Each structure stands twice: as C-alpha cells, then as structure tokens.
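The values are calculated or read from the model by the stated rules, or taken from the named source; none is laboratory data. Note that the coordinates shown come from a computational prediction; the quantities given were computed from them, not determined experimentally. In this analysis, Cβ positions are derived from the backbone assuming ideal geometry, glycine residues included, and neighbour counts consider all displayed protein chains.
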Amino acid sequence: MDLPEKGHYDSTISESKDASLAKAMEIMMQDIKKNQKIQVITRPKVSILKGVIPIILIIGSYVALLINSNSIADYVSIKKGLLIILITLVYIGITAILLKKLLIWLILLYQRFAPEKVRKLCFFEPSCSEYMKLSIEKYGVIKGVYKGFNRLRRCHWPNGGIDYP
C-alpha cells in the first residue's frame with residue numbers, strides 16, 4: 001500500500017478539532033478505497049463427512065475400548081489402570097498424527113462457509129486463512145499455527161500486501 005505524500009492531510013486543518021478529524025477521516029477513507037484491490041473469494045469444495053467420520057470413529061473406538069477395558073484386561077492379563085493409560089497414549093498419538101489434517105479441514109470449512117463480508121476483511125494476499133493453511137502444510141502444526149496467529153495479529157490497516165509463509 002502506497003503511503004500518501006507529505007502534507008497530504010494538511011488540508012484537514014480547521015478551526016475546530018471535530019471538523020479537522022472529520023476531514024482527515026474522509027481523506028483516509030478515500031486513500032483506503034483507492035488502494036483496495038478487488039478480492040476474489042474462492043470457496044473450496046470440502047466434504048463434511050470426510051472430516052466428521054474419522055473423528056467419530058476415533059472417539060467411538062476409544063470409548064468402546066474404555067467400556068470394555070475390564071474384559072480386555074482379563075484377556076491379556078494386565079491391570080485395568082495400566083491398560084487405560086496405554087489406550088489413552090495410543091489415542092493421543094493417533095490424534096497428534098491426524099491433527100494436521102484436522103486443522104486444514106477446519107480451515108477449509110471456514111473458507112467454504114464464512115460470509116463473504118468476513119472473508120474480504122483481510123488486508124493481505126494470500127488471505128489469512130490461506131496463509132494459515134499454507135504455513136501448517138509447510139512448517140507443521142505448532143510452528144504453522146504460531147505463524148498463522150502472528151499473521152492474524154498483523155492483519156489491519158495500514159499493514160497489507162503480498163506475504164507468503
């Protein structure tokens with residue numbers, strides 16, 4: 001975004017503070033409108049079942065194993081408490097592996113169903129949601145989400161422009 005020339009707001013000086021502020025706001029809004037580009041909102045095709053079914057299967061199988069932990073513990077000759085800890089650790093590992101896909105699926109859901117008015121508020125290219133998706137794919141979950149949230153914090157006027165992860 002180009003910065004206005006020096007003295008651009010000199011014409012806003014008036015006798016009253018309110019009139020000066022009103023003139024400055026009017027010039028600022030004209031600058032913003034002049035520098036705004038037309039944003040094209042893409043709506044990705046995303047399957048809700050593709051994300052929901054694995055979540056239901058993971059949670060359902062975890063609950064089923066916990067409910068049947070007495071029978072399983074007797075069958076493999078192990079204490080019930082130790083078996084529950086092992087089952088929980090396995091499911092935490094599975095969740096950690098699938099977390100990247102889950103987060104990207106949630107971002108795609110947002111891109112598909114968020115109102116156009118909200119999606120057009122981004123000052124950057126690519127949009128903040130697309131940046132978050134790209135950074136998670138490039139850097140992994142922890143660093144990607146960190147970079148994405150930092151980008152969201154910067155997404156306001158006068159910032160903006162092209163910024164890829």
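Taking the condition surrounded by 14 or more Cβ atoms within 10 Å (Cβ to Cβ), within 26 Å of Leu103 (Cα to Cα) and touching a residue at least 12 places away in the same chain (Cβ under 8 Å), does Ile87 pass? Considered against the rule, which asks whether it is surrounded by 14 or more Cβ atoms within 10 Å (Cβ to Cβ), within 26 Å of Leu103 (Cα to Cα) and touching a residue at least 12 places away in the same chain (Cβ under 8 Å), Ile87 comes out as yes.
Of all residue pairs spaced 6 or more apart or on separate chains, none has beta-carbon atoms under 8 Å together with a first member in segment 138-165 that is in the same structural domain as Trp105 (by TED's automatic domain parsing) and a second member that is among the hydrophobic types (A, V, I, L, M, F, W, C) and modelled with pLDDT under 95.
Here Lys23 fulfils each of the conditions (1) part of a helix (DSSP H, G or I); (2) modelled with pLDDT of 85 or more; (3) basic (Lys, Arg) apart from (2). Exactly one residue out of Ile87, Ile107, Ile38, Ile32 is among the β-branched types (Val, Ile, Thr), more than 21 Å from the chain's Cα centre (by Cα) and at pLDDT 85 or above, and it is Ile87.
Within segment 99-116, not a single residue is part of a helix (DSSP H, G or I), surrounded by 11 or more Cβ atoms within 10 Å (Cβ to Cβ), of a type in the set (Gly, Ala, Ser) and without any contact (Cβ under 8 Å) to a residue 24 or more places away in the chain.
Going by the conditions given, is Ser71 at pLDDT below 80, among the polar types (S, T, N, Q) and more than 32 Å from the chain's Cα centre (by Cα)? No; evaluated as a whole, the condition is false for this residue.
Restricting attention to segment 110-165, the residues that are polar (S, T, N, Q) and over 12 Å from the mean Cα position of the chain (by Cα) total 1. With respect to Lys50, determine if the residue is assigned to a helix (DSSP H, G or I), charged (D, E, K, R), without any contact (Cβ under 8 Å) to a residue 60 or more places away in the chain and closer than 30 Å to Phe123 by Cα. No.
Yes or no: segment 123-141 includes at least one residue that is in a loop (DSSP other than H, G, I, E, B), touching a Gly at 6+ places or on another chain (Cβ under 9 Å) and either at pLDDT below 90 or closer than 30 Å to Asp31 by Cα (or both). Yes: one or more hits.
Residue-level check: of (1) touching a Lys or Arg at 6+ places or on another chain (Cβ under 9 Å); (2) closer than 21 Å to Lys45 by Cβ; (3) not assigned by TED's automatic domain parsing to the domain that holds Ser47, Ile107 misses just (3).
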